[in-house]
Amino acid sequence: MPTAVLKLHGTFRHDRHGRRIDGDGLDHKRPACPQWLIRHHENADAELARREAKGLWDRLAPQLYQSGLLVDMFRELFAMLCDSWGRYRLACVRCDEAGMTTAGSKGSPVRSPWVAIRSECYKQAIELASKFGLSPADLAGVRAVEKPTSDNQKSRFFKRDGA
């Protein structure tokens, strides 16, 4: 139940509801995609990572916004998730192309640097994805930012028959 409704009912308890984010002070507009995800790059690796990151933004931002999990205040955090995803996908492509190993200084096979990059970007993406509830287990632990209710919505909620 929204915090505002709990307060109006007199059932708001600070020990239970005090840590909620009060959505009244937040800008609830849909965040715009950052320019660095839109601007094309000359470098092929940077462009591949950008395309993957922008694709994730385009796919998830509308759904997260609709569910109340993405507001303008969280734009940079979500952009970091998209960036980590883009770099993860780049590393996956490079591992597929060049293989998981490369020749070391003495000619023996060693792990490709792209494997380490892929692993690090994967960890970053998973950690950031959890902030937005992007797995079934994580979804149970996130709370949407409550959009402020207007006086008109409150009056409809508390409207009495015959009043």
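The values are calculated or read from the model by the stated rules, or taken from the named source; none is laboratory data. Being a predicted model, the structure only gives us computed values, none of them experimental. Note that we place each Cβ from the backbone using ideal geometry, even for glycine, and neighbour counts take in every protein chain shown.
Identify, from the list Gly99, Gly107, the residue that is over 24 Å from Lys29 (Cα atoms), at pLDDT 90 or above and surrounded by fewer than 11 Cβ atoms within 10 Å (Cβ to Cβ).
Numbers: Gly99 fails: surrounded by fewer than 11 Cβ atoms within 10 Å (Cβ to Cβ).
From the options Gly99, Gly107, the qualifying one is Gly107.
The set of residues in the stretch 98-140 being out of contact with any helix residue (DSSP H, G or I) (no Cβ under 9 Å at 6 or more places or on another chain) and among the charged types (D, E, K, R) consists of Lys106, Arg111. Only a single item in (1) among the hydrophobic types (A, V, I, L, M, F, W, C); (2) in contact with a Lys or Arg (Cβ under 7 Å, 6 or more places away or on another chain); (3) exposed (fewer than 13 other Cβ atoms within 10 Å of the Cβ) is not met by Ala49, and it is number (3).
When the test is whether a residue is modelled with pLDDT under 95, of a type in the set (S, T, N, Q) and under 29 Å from the mean Cα position of the chain (by Cα), Ser119 does not pass it.
Val93 fulfils the conditions (1) aliphatic (A, V, I, L, M); (2) farther than 30 Å from Arg30 by Cα; (3) touching a Gly at 6+ places or on another chain (Cβ under 7 Å) except for a single criterion, (3). If you go through the stretch 27-72 and keep only what is at pLDDT 90 or above and among the β-branched types (Val, Ile, Thr), you end up with just Ile38. Residues that are in a loop (DSSP other than H, G, I, E, B) and either at pLDDT below 95 or surrounded by 16 or more Cβ atoms within 10 Å (Cβ to Cβ) (or both) do not occur anywhere in the stretch 73-81. Taking residues in the stretch 38-64 that are under 19 Å from Val93 (Cα atoms) and touching a residue at least 24 places away in the same chain (Cβ under 8 Å), and partners anywhere that are in a helix (DSSP H, G or I) and β-branched (Val, Ile, Thr), the pairs with Cβ atoms closer than 8 Å and at least 6 places apart or on different chains are Leu48/Val93; Lys54/Ile38. Among the residues of the stretch 9-26, is any touching a helix residue (DSSP H, G or I) at 6+ places or on another chain (Cβ under 7 Å), farther than 22 Å from Leu128 by Cβ, modelled with pLDDT under 70 and not in a loop (DSSP other than H, G, I, E, B)? Within the stretch 9-26, one or more residues are touching a helix residue (DSSP H, G or I) at 6+ places or on another chain (Cβ under 7 Å), farther than 22 Å from Leu128 by Cβ, modelled with pLDDT under 70 and not in a loop (DSSP other than H, G, I, E, B). Filtered by the rule that a residue be charged (D, E, K, R) and surrounded by fewer than 18 Cβ atoms within 10 Å (Cβ to Cβ), the stretch 121-147 gives Lys123, Glu127, Lys131, Asp138, Arg143, Lys147.
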